[in-house]
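See below for the structure under consideration.
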Amino acid sequence: MQIDTYHKYFSTWFTSAKLHTQIGDAVKQVSKSKRIFFIGNGGSNSICSHMMEDYAKMGRFPTFAFSDPALITCFANDYGYEMAMAEWLKIHFVEGDLLVAISSSGESKNIVNAAAYASSIGKNVITLTGFKEENTLSRMGALNFHLPVSNYGIVECFHQVILHLVLDMITNTN
């Protein structure tokens, strides 16, 4: 049954010492950031939009997400989809900012290119990936949350829970 699959992965990962250490590291990294940028495609982009709002409202962080349809189509038209997010970051992203890059596969070229740019000017990148452990994006962040599952629903839920958990720890929300 599908609920058993979700339970298996969530109970295994949410009790792991590695994840607890990573959450603590993410809290430190987010807390010291000037501004937070969220990027992702599809369902991951929806997570980005949601987290941009919550980190701004509850965490009082200046936040941004590459999620406005007019912005996406403008930059994709002018720079190509694979470079659209990187070009957007070139305008706004400065040293001391944090990029949160979400890709279930870790292979989305536009996310990888944006993370490469952000890493080149500050190394302040957190990645959230799934599927194969050795994916391109997972090697680009100072910190990578990875769930080795090839199920979009499980991976996307995991990513959203991780980001909520980090924010809750920063804001001391129970």
Count of Lys pairs (Cα-Cα under 17 Å; at least 8 positions apart or interchain) in segment 22-174: 8
Euclidean distance between Cα centres, segment 97-171 to segment 1-41, Å: 10
For Leu98, net neighbour charge (Lys/Arg +1, Asp/Glu -1) across residues whose Cβ lies under 13 Å away: +2
Mean separation of Cα contacts under 8 Å, 6 or more apart, over the residue count of the chain: relative contact order %: 21
Cut-off of 10 Å, at most 11 other beta carbons, DSSP loop: longest stretch of the chain lacking such GluC sites (Glu not before Pro): 1-94
Dipole axis of the chain (+1 Lys, Arg; -1 Asp, Glu on Cβ), positive-most option in Ala17, Ser67, His92: Ala17
Charge context of Pro62, other residues only, Cβ under 10 angstrom, K/R +1, D/E -1: +2
Likely footprinting exposure, Leu128, Leu71, fewest C-beta neighbours within 10 Å first: Leu71, Leu128
Overall form of segment 117-174 per C-alpha gyration tensor (a/c, 1.5; a/b vs b/c): oblate
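What order do you get for 11-17, 56-62 when each peptide is scored by the mean count of other beta carbon atoms within 10 Å, highest first?
Packing order, densest peptide first, comes out as 56-62, 11-17.
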Test item: Cα-centred dipole of the chain, Lys/Arg +1 and Asp/Glu -1 on Cβ, debye: 440
Helix 81-92 vs. the chain, principal-axis angle (Cα, 0 to 90°, nearest 10): 80
Efficiency of FRET between Ile121 and Lys8 - r from beta-carbon atoms, R0 30 angstrom, step 0.05: 0.15
Loop-located chymotrypsin sites (Phe, Trp or Tyr not before Pro) in segment 74-106, at most 10 other Cβ atoms within 10 Å (DSSP): none
Gain in span if fully extended, Glu134 to Thr171, counting 0.36 nm per residue against the direct Cα distance: 10.1 nm
Structure-derived percent of Cα pairs over 24 Å apart: which label, when the choices are (i) 69; (ii) 38; (iii) 31: (iii)
Packing-based exposure ordering (other Cβ within 10 Å, fewest first) of His92, His146: His92, His146
Fully extended contour minus Cα-Cα distance, from Val94 to Thr73, at 0.36 nm per residue: 5.2 nm
Net charge of neighbours whose Cβ lies under 15 Å from the Cβ of Tyr79, counting Lys and Arg as +1 and Asp and Glu as -1: -1
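Rule-based calculations on the coordinates, nothing more; no lab input. Here the structure is a predicted model, which means the values were calculated and not measured. Here Cβ is always computed from backbone atoms with ideal geometry, including for glycine, and neighbour counts include all displayed protein chains.
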